[in-house]
């Protein structure tokens with residue numbers, strides 16, 4: 001475990017320990033491997049969302065939906081930085097960033 005950009009990064013975890021490519025819970029980013037700086041920026045926004053909403057973040061996030069392009073928490077954290085969209089493209093909802101860059105997405 002290490003601290004990067006205000007996040008505690010818990011890497012080298014088994015895939016069952018987190019969703020998609022990684023998950024931020026409170027101030028801890030759970031992931032399997034090293035994260036790119038832009039992903040850490042994306043996850044830092046999730047850390048701030050946790051600070052704002054506390055444990056209510058869980059039902060709020062789930063209610064926002066599994067599609068990251070329509071999930072307000074993922075959109076606010078930046079779909080491109082999170083790896084959901086290719087740089088310079090635009091999603092169907094008009095969000096800057098574009099077409100999905102990978103099928104699995106990120107949280």
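Computed quantities for the displayed model
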quantity	calculated
The range 39-80 residues near the modelled residue 2 label - backbone nitrogen below 15 Å, point 7 Å along Cα→Cβ	39-41
Tail weight of P(r) past 21 Å, computed on alpha-carbon pairs of the range 2-97, percent	30 percent
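Every number here is computed from the coordinates shown, using simple stated rules; none is lab data. Just so it is clear, the structure is predicted and the values come from calculations on it, not from any experiment. All Cβ positions, even for glycine, are placed from backbone atoms using ideal geometry, and neighbour counts span all protein chains on display.
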